[in-house]
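> Dropping the structure in here first, questions after.
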Amino acid sequence: MSQPEILNQAFELGFTYTRSTGPVVGRFLTELKKRNIVGIKASDGRVIVPPMEYDPDTAEELSEFVEVGQEGEIISFAWVKHPREAHPSERPFAWAMIKLDGADVPMVHWVASDSEELVSTGARVKATWSDDTKGYITDIACFELV
Amino acid sequence: MSDENEMITGIEVPIYLKYNFTAGAAPARFLSQLKEGKLTGQSRSDPGAPVYVPPRGSCPATGQPTDTEVEVADKATVQSFTIVHIPIPGNPIEPPFVVANLVADGANISFIHLMSECDNEQVHIGQRVQAVWRPEEEWDYSMDNIKYFKPIDEPDVPVEHIGKLPVTGLEA
């Protein structure tokens, strides 16, 4: 048998999922569309953002939504020098755990910054909204350093 | 217009995995021949060794390379089949349609293809079929060169004989 030519081809596998958001995540996203950020009060009084449907300790159903601030504090972060295609920014950026004012746990989002040196644990950041909010986590376009 | 206060009940969260697929030596050989309108398998070099269509380059039974190329017929036997009634997202074929595992004459394992020009309810194991090819100018490195397989007027192959030509080489 002769050596065959090398055959290769681009191939894309797509899982086109839709996800039912339920009453709690649905409310969170609905509030994002209105440019509000809400958490939920857990059985021990902590405010959890994004809200979860069941209490992490007692498993009881949660329903008391609490609006939190649009500014917060970087708890930890990871600087991305070389963003990849799926990343939210084409320029270097930071993934960050951000504890919003009024929340008791941090949530993950990304921080826009001109340089890595400006980003630090404890730095204050503020949510920047997309021009067109539609009820999705990307309605918060990014967080910017205050 | 959607209500400003309308509750979000669902979101789209697609995941796309992008690959660059390289066929490898044996499948590339298979696909190159397919572009010429030929179905070819591979076999170990010892006499009576099983013929694999499509080939992967080695014998799954013994691990030896399948370095002998064997052209097989475009006639085949139905080994098993499914009548698909539920539409599959992204699949342009309208149900109901028949997907079958077919063993080409001269091969010992099956490949999957479509059956058409048939009464779906009459499709059965052991049925004889033949490839319906696309026009030659459309041939590419693809199993799609065959549009589908259609039944032919030949006696059924008994179940115990489908794909069960003598398999030797395991004794040693």
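> Residues with amide H under 5 Å of B:L39's amide H, sequence separation 5 or more or different chain, H placed in the peptide plane at 1.01 Å from N; which?
Amide H to amide H, under 5 Å and 5 or more residues apart or across chains, B:L39 pairs with B:V72.
> Just add up the charged neighbours of B:V129: K/R +1, D/E -1, any other residue whose Cβ is under 15 Å from the Cβ of B:V129.
Net of charged neighbours comes to -3.
> Taking a cut-off of 17 Å between Cα atoms, list the aspartates and glutamates near B:K35, but don't count ones fewer than 8 places away on the same chain.
Filter leaves A:E5, B:E69, B:E71, B:D74, B:E136, B:E137, B:E138, B:D140, B:D144.
> Computed over the Cα atoms of region B:65-132, what is the convex hull's projected area averaged over all directions, in nm²?
If I average the Cα hull's projected area over directions, I get 5.9 nm².
> What does the charge count near A:I37 come to, summing +1 for each Lys or Arg and -1 for each Asp or Glu among other residues with Cβ under 11 Å from its Cβ?
-3
> Applying the Karplus parametrisation 6.51 cos²θ - 1.76 cosθ + 1.60 with θ = phi - 60° to the phi angles of region B:149-161, what ³J(HN,Hα) value in whole Hz is obtained for each residue in order, glycine and proline being reported as x?
With the stated coefficients, region B:149-161 comes to 10, 10, x, 10, 7, 9, x, 4, 8, x, 3, 5, 9 Hz.
> Rounded to the nearest 0.05, what FRET efficiency do B:I83 and A:Y136 give with R0 = 45 Å and r taken as the Cβ-Cβ distance? Could you check?
The calculated FRET efficiency here is 0.70.
> Which of the pairs A:K126/B:K18; B:K38/B:K150; B:K18/B:K38; A:K41/A:K81 have their Cα atoms more than 28 Å apart in this structure?
Over 28 Å Cα-Cα: A:K126/B:K18; B:K18/B:K38; A:K41/A:K81.
> For region A:22-145, take the alpha-carbon Rg, divide it by the Kirkwood Rh, and send me Rg/Rh.
My calculation puts Rg/Rh at 0.99.
> Keeping every protein chain present and rolling a 1.4 Å probe, give me the accessible area per residue for the protein assembly as shown in Å².
58
> Return the sequence-ordered ³J(HN,Hα) values of region B:67-80 in whole Hz as given by the Karplus equation 6.51 cos²θ - 1.76 cosθ + 1.60 applied to θ = phi - 60°, using x for Gly and Pro.
Ordered by residue, 3J(HN,Hα) equals 9, 10, 8, 10, 7, 10, 6, 9, 9, 8, 10, 6, 8, 7 Hz.
> Also, quick follow-up: Residue by residue through region A:66-74, which ³J(HN,Hα) values in whole Hz follow from phi under the Karplus form 6.51 cos²θ - 1.76 cosθ + 1.60 (θ = phi - 60°), with glycine and proline marked x?
Coupling constants for region A:66-74: 9, 6, 10, x, 9, 10, x, 10, 6 Hz.
> Kindly compute the accessible surface that chains A and B hide from a 1.4 Å probe when together, both sides summed, and give it to the nearest 100 Å².
Using a 1.4 Å probe on protein heavy atoms, the buried area is about 2700 Å².
> So what is the 222 nm mean residue ellipticity for the protein assembly as shown from helices alone, if each DSSP H run of at least 4 adds -39500 (n - 2.57) and you divide by all residues, rounding to the nearest 500 deg cm²/dmol?
Using -39500 (n - 2.57) per qualifying helix, the result is -2000 deg cm²/dmol.
> For region A:22-145, give the share of DSSP beta bridges that are antiparallel, in percent and rounded to the nearest 5; count only bridges with both residues there.
Antiparallel: roughly 95 percent of the beta bridges in region A:22-145.
> Just need the Rg to Rh number for the protein assembly as shown, please, alpha carbons only, Kirkwood Rh.
Rg divided by Rh gives 1.18.
> Mind checking the alpha-carbon convex hull of region B:25-161 and giving the volume per residue in Å³?
Taking only Cα atoms, region B:25-161 has a hull volume of 129 Å³ per residue.
> Placing +1 at every Lys and Arg Cβ and -1 at every Asp and Glu Cβ, with all other atoms neutral, what dipole size does chain B have around its Cα centre, in debye to the nearest 20?
I would put it at about 680 debye.
> Just tell me which aspartates and glutamates come within less than 13 Å, Cα to Cα, of B:K164; anything on the same chain fewer than 8 places away is out.
By straight Cα distance, B:K164 reaches B:D105.
The values are calculated or read from the model by the stated rules, or taken from the named source; none is laboratory data. Given the structure is predicted, the values throughout are model-derived calculations rather than measurements. Every residue, glycine as well, gets a Cβ built from its backbone with ideal geometry; the counts of neighbours run over all protein chains shown. Surface areas here come from the heavy atoms of the whole protein model, side chains and all, with no ligands, DNA or RNA. Shrake-Rupley method; radii C 1.70, N 1.55, O 1.52, S 1.80 Å.
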